[in-house]
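Data first, discussion second: the structure below is written as structure tokens.
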Amino acid sequence: MKLSVYHTPELVPADGLPDCAIAVDVLRATTTIATALSAGAEAIQVFADLNELWQVSGAFPESQRLRAGERGGKKVEGYDLGNSPFDYTASVVRGKRIFMSTTNGTRTLQRIRHSPMVLTGAMVNLGAVVEFLTQKQPRTVWVVGSGWEGSYALEDTACAGAIAHGLAAELGNDEAVAALTLYRHWCDDLETLFHHASHGQRLLKLNGWDDIAYCAQRDVVSVVPCQNMEGVLTAIAG
Ligand code: 3SL
């Protein structure tokens, strides 16, 4: 297995696809996606564009859907849910399809959607993702961080490094070496690392202390979100 890391969706090579592409947006989209599926959501359908989300979800039965919209860290007005993992409890999401658009994470998923296998990864489901890859043994894996509007995000690189740390994989680019080194340096205090990160700072200003603490935990969720049709993620139980 050869694992390469890309810090943002914009840095993903224009040609060629890996056997498996993993979207990472630790703060907070991919943490929330894993949490929602673990809480019993039927599926998460992702959109880069809010208008498209509204249109497509409008054709879905109202009693079976929730609309989740986040921009700039805040819930979009008129939507049922924002992007805090604490919003996605079993009593709210069980059996529901969640139509989701976030600032960066859902854009990453859109960028990698044509890969034959598309997963999402976060710290909360790290062990499940590593176990899944160990079983499936894709020859090439891209871990794609979401960053923030095209720029680098520390927490996504740390998660990419955590995935590399758990696998006996060849490192495919310098970014993968850097990610592994970052994770190994901070693995005992991820929450502090996330507080240093620029998006961590942004969330702290929005009172996101508890969200960051949750997102910094490893292995509290055992599902692997996996794309089963374009843009639609369902849970593979770990
Ligand atoms: O950028 C994203 O996709 C979000 O995860 C950002 S936030 O954590 O909801 O602010």
State the number of residues belonging to region 168-192 that are surrounded by fewer than 20 Cβ atoms within 10 Å (Cβ to Cβ) and within 16 Å of the ligand (Cβ to nearest atom). 1
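Condition check ((1) among the aromatic types (Phe, Trp, Tyr); (2) at pLDDT 95 or above; (3) touching a helix residue (DSSP H, G or I) at 6+ places or on another chain (Cβ under 6 Å)) across all residues:
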position: ILE112; (1), (2), (3): no, yes, no
position: VAL124; (1), (2), (3): no, yes, yes
position: PRO138; (1), (2), (3): no, yes, no
position: TRP142; (1), (2), (3): yes, yes, no
Within region 193-226, considering residues that are of a type in the set (Ser, Thr, Tyr) and under 26 Å from SER38 (Cα atoms), the one farthest from the ligand (Cβ to nearest atom): SER222
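Condition check ((1) within 17 Å of the chain's Cα centre (by Cα); (2) at pLDDT below 95; (3) over 17 Å from PHE47 (Cβ atoms)) across all residues:
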position	(1), (2), (3)
TYR79	no, no, no
SER84	yes, no, yes
LYS96	no, no, no
THR108	yes, no, no
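Each row is one residue, and each column tells you yes or no for (1) buried (at least 24 other Cβ atoms within 10 Å of the Cβ); (2) in a strand (DSSP E or B).
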{"residue": "GLY127", "(1), (2)": "no, no"}
{"residue": "PHE132", "(1), (2)": "no, no"}
{"residue": "GLN135", "(1), (2)": "no, no"}
{"residue": "VAL144", "(1), (2)": "yes, yes"}
{"residue": "ALA164", "(1), (2)": "yes, no"}
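Mind checking which residues of region 70-90 are more than 10 Å from the ligand (Cβ to nearest atom) and acidic (Asp, Glu)?
Of everything in region 70-90, those that are more than 10 Å from the ligand (Cβ to nearest atom) and acidic (Asp, Glu) turn out to be GLU77, ASP80, ASP87.
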Between a residue in region 9-27 that is within 15 Å of the ligand (Cβ to nearest atom) and any residue that is of a type in the set (Asp, Glu) and modelled with pLDDT of 95 or more, which pairs come within a Cβ distance under 8 Å, given they are 6 or more apart or on different chains? VAL24/ASP156; ASP25/ASP156; VAL26/GLU155; VAL26/ASP156; LEU27/GLU155; LEU27/ASP211
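The values are calculated or read from the model by the stated rules, or taken from the named source; none is laboratory data. Being a predicted model, the structure only gives us computed values, none of them experimental. For neighbour counting, all protein chains shown are included, and Cβ atoms are generated from backbone atoms with ideal geometry for every residue, glycine included.
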